[in-house]
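Okay, so here's the structure we're looking at.
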Amino acid sequence: MVFRNIKLTMAYDGTDFCGFQRQAQGERTVQGVLEKALFRLTGEFDTLRLTAAGRTDARVHALGQVANFFTKSRIPVDRWVDALNSNLPPDVAILEAQEVSLDFHARYAAKKKTYHYRIYRETRQDVFLRNYTLYYPYKLENKQMQEAAGILVGEHNFQAFTASGSSVKNHVRNLTKLEVSEVGAEVRIIVEADGFLYKMARNIVGTLLLVGETKLTPAAVEEILKCGRREKAGPTAPPHGLFLVKVEY
């Protein structure tokens, strides 16, 4: 029997995961629990591998992560969602399953990804939001953050915003949207691009927070972008405020 290619759209709470990608030491990962569920359904332990649109880090969440896998299973495509969800822990949920062409690749076929970062601004922490927002009870100048965000939009070399030690040689990405807005007690940052360097979204957020505290100016952000030196940009924002919201193909 020939292989089928199944595309999954999923959500997960990253709090208790060591990221999406399977780890060598057997740490709990989203890929690990999904592949165990798929093995229980298909018996295809040696051949089945899940490929994700993005390898989210430990404690990063997803509302619309996409992955695909090849299988010889005859399970009808409209049965995959319920079959997988009945075999998954409560912090992972399959939202949609589609049978796609054999040349579809969740990572390489992606045209655009959207992340949201949530920052909680009240004087006291909300214990029910502590795993999903960065608690940041400091004064932030939103207009300054918005101005700096506008400087970063477009196609640029984002070397200054990738994690040190990354082996990627091409640092050019097209940042199609970077918005800073207030939503109730939160500041939310929307980051949309054709692709992301390692920890790029979180490094951008960390830099915008320094702008908001007036420790960096928008003009300084422009210089950081031009010089490409990671040490000049802001710190990497903590992972738990970040959500992979959508992947477009």
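The values are calculated or read from the model by the stated rules, or taken from the named source; none is laboratory data. On a predicted model such as this, the values are computed, not experimentally measured, just so you know. Note that we place each Cβ from the backbone using ideal geometry, even for glycine, and neighbour counts take in every protein chain shown.
The condition (being among the aromatic types (F, W, Y), in contact with a Ser or Thr (Cβ under 8 Å, 6 or more places away or on another chain), modelled with pLDDT of 95 or more and assigned to a loop (DSSP other than H, G, I, E, B)) is satisfied by just one residue among F104, F20, F69: F20. Within region 74-94, residues that are touching a residue at least 12 places away in the same chain (Cβ under 8 Å) sit with their Cβ atoms under 7 Å from residues that are among the charged types (D, E, K, R) and part of a helix (DSSP H, G or I), at 6+ positions apart or across chains, in these pairs: N87/R40; D91/D16. Considering only residues in region 34-66 that are part of a loop (DSSP other than H, G, I, E, B) and among the β-branched types (V, I, T), the one that is farthest from L134 (Cα to Cα) turns out to be T47. How about region 124-173: which of its residues are of a type in the set (K, R) and either outside any loop (DSSP other than H, G, I, E, B) or in contact with a Cys (Cβ under 8 Å, 6 or more places away or on another chain) (or both)? The answer is K143, R173.
Does region 193-210 contain any residue that is β-branched (V, I, T) and surrounded by fewer than 19 Cβ atoms within 10 Å (Cβ to Cβ)? Checked region 193-210: no residue is β-branched (V, I, T) and surrounded by fewer than 19 Cβ atoms within 10 Å (Cβ to Cβ).
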